[in-house]
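Quick notes on the structure that follows.
The values are calculated or read from the model by the stated rules, or taken from the named source; none is laboratory data. Only a predicted model underlies this, so the values are computations on that prediction, with no experimental measurement involved. Glycine also receives a Cβ, built like all others from the backbone with ideal geometry; neighbour counts cover every protein chain displayed.
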Amino acid sequence: MNKFTKQQIDILRKSYGSLSRMNPTSPTYKKFIKFLEKLPKDQLKQLAAANIKFISMLAKHRIKGESVNEAVYQFKSYTNTQMDELDAMLSRFAKGKPDFNKMTYTIDKDVIGKISSKGLLSKLEKLIKSKGGKKIKESVKEATFDSTGVDWSGEMMWKWVSKALKSAGIKELKYSPMKSGWLGGKFVWGGFYKVQANKRTDVLPITVDKKGKLWLNVSPKKYIIGKIGQLPQVVYNLKDFKKSDLDVYESVQGKIK
């Protein structure tokens, strides 16, 4: 089957089109993600264009994520000499770029693609792991955000957003990082924040783009709540969202379990 039939698209629209929430930690969500991961690109494009709540958004992210294959590995306890030796060793396998300041080794998407086509990616990752390497997300410079010149790691952005939520009076219950493959080329970081709402719990998917803009992804129409590092603006918008959404009780829990 190369494409979905109109009837299949209609069934998906009927099943998911009326949802106002989808919990990323639920078994239903995880099962659907696995379903998307098995789909060929032409079927993902169909879903992306179908304008079905959540499904179209996730399909678009999946399409973008297919081209995001850059791998970054950290070697925390390494010296410059060890990084130099590592570069020489890995260059025989897969040419990458060492960073002697951050002690990271980056392999770009073209090289990863060639290794994957030969079925050698898992062998490379085992070799890197045996040398003490750990796959990480690239840190993002705040200089691209507000000119402070501070490096923003994923952990820093996670904690900064947590602080913004707390300042806005939103109780955070749990945080889960967003997989890099689902961020696409536009976003550099993302996380799921499980929060307390009126008579229910809710999950807020929040992402940061390359310009430092914070996106609140609570529907297919994502909107910007401010910029990373600019707390007053973000808190103001989160308070507004809390008042118009989280503080309003909707009996939708039966639909999203």
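Below are the figures for this structure:
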| item | result |
| --- | --- |
| Number of the condition not met by Thr81 [criteria: (1) at pLDDT 90 or above; (2) in contact with an Asp or Glu (Cβ under 6 Å, 6 or more places away or on another chain)] | (2) |
| Residue within the stretch 108-122 that is modelled with pLDDT under 90, farther than 28 Å from Ser56 by Cα and touching a Leu at 6+ places or on another chain (Cβ under 8 Å) present | yes |
| Odd one out for Leu238, checked against (1) farther than 30 Å from Ala49 by Cβ; (2) part of a strand (DSSP E or B) | (2) |
| Extreme residue, nearest to Lys45 (Cα to Cα), among residues of the stretch 1-18 that are in a loop (DSSP other than H, G, I, E, B) and hydrophobic (A, V, I, L, M, F, W, C) | Phe4 |
| Condition met for Asp245 (in the same structural domain as Lys174 (by TED's automatic domain parsing), farther than 15 Å from Ala164 by Cα and assigned to a strand (DSSP E or B)) | no |
